[in-house]
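Right, one structure below, let's go through it.
The values are calculated or read from the model by the stated rules, or taken from the named source; none is laboratory data. Computed from a predicted model, the values in this text were never measured in an experiment. All Cβ positions, glycine included, derive from the backbone under ideal geometry; neighbour counts span all protein chains shown. Quick note on the areas: whole protein, heavy atoms, side chains included, nothing else; ligands and nucleic acids left out. Shrake-Rupley method; radii C 1.70, N 1.55, O 1.52, S 1.80 Å.
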Amino acid sequence: MRIRLKPLLLVPIDILAVIIGYFLTLYILFPLDNISVPSNVNRLIYSPATIVVIAIYILSFAIFEMYYTMLAHISIYDMFKGLAGNIVGTNMVFLFNNFVLPRVNGSVRFPNSFVLIAGLLIMFFTLGIRVLPRVVSSAYRSFVVRFLKKPANKVLVYGAGNAGIALHRDLANNVKSDYKVICFYDDDLNKSGTKVSGLKVYGPSTDLVTLTDILEIDTIIIAVPSATPEQMSAIIEKCNKTKCKLKTLPALYDLIIDGYLDSRQIRDVNIYDILGRKEAKIDIDGISGYINNKTILVTGAGGSIGSEICRQILSYKPKRLVLVDIYENNVYDLENELKFIYKDELPIKIYIGSIRDYKRMDYIFNVERPDVVFHAAAHKHVPLMEDSPGEAIKNNVFGTLNIVELSKIYRVSTFVLISTDKAVNPTNVMGATKRIAEMIIQSYAKKDNNCVTKYVAVRFGNVLGSNGSVVQLFQKQIANMGPVTVTDPEVTRYFMTIPEASRLVIQAGAMAQGGEIFILDMGKPIKIANLAEDMIRLSGYTPHVDIKIVYTGLRPGEKLYEELLQAEEGTTKTCHDSIFVGKPFDLHWEDVAKMLEELERCADCGDDDEIISVLMKCVPTYKPMRNHQIKPVSINVKERSELA
């Protein structure tokens, strides 16, 4: 039910309110059965003076924007403006009555008490007509929600602050809502036992699981938008012990508009909320210095990290963004997404091609002349690369080498390699090849003192929601009602969101001096089994009851935990709290070049055992976890522990 009064309709209503106010005052001060109305007042009521009074009030109301308020959403602020408009209008009438009328009508004027009482009545009428639509509408909604409609979901609002109260108010007045707020829960002991809008607030002294069972709560809505990521994670962990579905609100500034909450912004709690990571801050000026008005090339631009790097780079207004990828579908989707956002101002160029094709890459570099290169293209799937080690070498090692060499030839200022924590003490082919890629950029940085290119690598762990990630796998398995497959009860992994990882990669590029391996702060490792249980609960099911969790054993190349550093690397703090730099190895290009010759020879040999043996010699810390043990072979490379 909506009552709408258009602004033009309010003007005649206000005119009528002023007229009624004055005539009502007349009968309040001079009742007919008591004394007669003074002739001067009677004459003024029906004179042009009343028209002037009406004009004064209408002008004052217009000045204080009383005709621009949406009555269905009138606020206290709007009421204060209306109050001010009436006070100013009444004072202007006082001035007119005492200084203008006597000169025009020969000392004839309204009594000041008459003007005051009339002003109070006009204020009552004009403010009342503005608040009436909301009062009637709210009363109607409350009646329907409370007496005529049976809600599908009983709700406990976690958080009895401003957001929680606003949420309850919106849900209580929303006829279409399936939610009915039963009570509040807040960690603040001072609020425990109090009531908000007639609903009790429970606190830490009340067990949340027991409370939700007794009150038969279906859904918990977390309304603490000011909570830090760590606090949010702790709240979710607490609520996950109940059998309720969990929902939450976005950040406070996203959901409160003019003091009111839109309940349509209620969303499901997701895995990003559970992660509990702080938002990484970045040096905008530092990034703008090497991105703004420059040509940026991104390999693997259609992938999870590559595409997000492209999205974020465009916000720094590059001269041109060059997208390179071998898979056309993903990069085509990215192009359409960016075109929708930037319209005709999109400075991008897309090239389809493999980083293994030197001639194709040379053509792209020659045409585009990039200033900065982000090298995200790589084969990253661990089990698949165990079965195709030669392809991993061709792409991750020699594809990287192509981009590294072309960056020097075309005088790229900064080259950033996207690496992985699996490069540390690798147990799989993918990690070993990425470690060799790191060695290439570290040794190439020292190859030529005249080289203008600053080569760096950025190493981090898993990213949530990336292509082929465990999160996507779990989502599909839960949608099919399980079972959810976990390799081992004790397996742990570092996790970071795609936007955060991409943001820090770009930030690391701004800090490049040449030869560094930057390591991102991944926080604490997460148990995959716990992650699976949390995702099952977030979907409204009970782990091991509604959906089974099956442990399948570690796959070839996998290990229980990942590392971000090798023992001999150590870390040094940088100017950014979330970025560290590993101690560089004393690598020489001549030694790495000999190693690459042997890798190139064996990559196409078709003998996986020989390929693994060569990789073990190139990366002494590589301990393959395969179906059978392989002894490393001797290759013509100087024995250097630094190659690890």
Review point. For LYS548, are the conditions met, namely being at pLDDT 80 or above, farther than 30 Å from ASP608 by Cα, charged (D, E, K, R) and over 30 Å from the mean Cα position of the chain (by Cα)?
Key: yes
**Study point:** Selection from region 210-236 of residues that are under 18 Å from ASP188 (Cα atoms) and out of contact with any Gly (no Cβ under 7 Å at 6 or more places or on another chain)
**Key:** LEU211, ILE220, ILE221, PRO225, SER226, ALA227, THR228, GLN231, ALA234, ILE235, ILE236
Study note, to complete from the structure: Selection from region 345-385 of residues touching a residue at least 24 places away in the same chain (Cβ under 8 Å) and of a type in the set (Val, Ile, Thr) yields ILE348, ILE350, ILE352, ILE355, ILE364, VAL372, VAL373, VAL382
Study note, to complete from the structure: If we keep only residues of region 482-507 that are of a type in the set (A, V, I, L, M), modelled with pLDDT under 90 and touching a strand residue (DSSP E or B) at 6+ places or on another chain (Cβ under 7 Å), then the residue nearest to PHE415 (Cα to Cα) is VAL505
Review point. Among the residues of region 93-113, which ones are part of a helix (DSSP H, G or I) and of a type in the set (S, T, N, Q)?
Key: ASN97, ASN98, ASN105, ASN112, SER113
Revision key, fill the gap. Checking ASP325, ASP333 in turn, the sole residue that is charged (D, E, K, R), within 25 Å of LYS380 (Cα to Cα), buried (at least 21 other Cβ atoms within 10 Å of the Cβ) and over 20 Å from the mean Cα position of the chain (by Cα) turns out to be ASP325
Point to revise | Filtered residues of region 114-138 (kept if polar (S, T, N, Q) and either closer than 16 Å to THR50 by Cα or touching a Gly at 6+ places or on another chain (Cβ under 8 Å) (or both)) | key: THR126
Exercise for review: Could you list all residues from region 355-380 that are touching a helix residue (DSSP H, G or I) at 6+ places or on another chain (Cβ under 7 Å), open to solvent by 30 Å² or more (accessible area, probe 1.4 Å) and not in a helix (DSSP H, G or I)?
Suggested key: ARG356, HIS379, LYS380
Check your understanding: Can you name the residue in region 164-182 that is buried (at least 21 other Cβ atoms within 10 Å of the Cβ) and touching a strand residue (DSSP E or B) at 6+ places or on another chain (Cβ under 7 Å) and is also modelled with the lowest pLDDT among such residues?
Key -> LEU171
Exercise for review: List the strands (runs of 3 or more DSSP E) that sit entirely inside region 477-536 and contain at least 3 residues that are under 24 Å from the mean Cα position of the chain (by Cα).
Suggested key: 495-497
**Study point:** So LEU44, is it assigned to a helix (DSSP H, G or I) and modelled with pLDDT under 75
**Key:** yes
Practice item. Looking for whichever is loosely packed, with under 14 Cβ neighbours inside 10 Å and either modelled with pLDDT under 85 or aliphatic (A, V, I, L, M) (or both) here; the options are PHE110, PHE143. Which one fits? Key: PHE143
**Study point:** ILE282 being out of contact with any Lys or Arg (no Cβ under 7 Å at 6 or more places or on another chain), among the β-branched types (Val, Ile, Thr) and either part of a loop (DSSP other than H, G, I, E, B) or modelled with pLDDT of 65 or more (or both)
**Key:** no
Study note, to complete from the structure: Among ASP357, ASP362, ASP387, the single one that is within 28 Å of ASP421 (Cα to Cα), modelled with pLDDT of 95 or more and charged (D, E, K, R) is ASP357
Practice item. Considering only residues that are open to solvent by 60 Å² or more (accessible area, probe 1.4 Å) and in a helix (DSSP H, G or I), look in region 235-267 and name the one that is modelled with the highest pLDDT. Key: LYS238
Practice item. May I ask you to list the residues in region 568-624 that are at pLDDT below 75, acidic (Asp, Glu) and either within 21 Å of ASN395 (Cβ to Cβ) or open to solvent by 30 Å² or more (accessible area, probe 1.4 Å) (or both)? Key: GLU568, ASP577, ASP586
Review point. Would a scan of region 70-79 turn up a residue that is surrounded by 19 or more Cβ atoms within 10 Å (Cβ to Cβ), in contact with a helix residue (DSSP H, G or I) (Cβ under 6 Å, 6 or more places away or on another chain) and among the charged types (D, E, K, R)?
Key: no
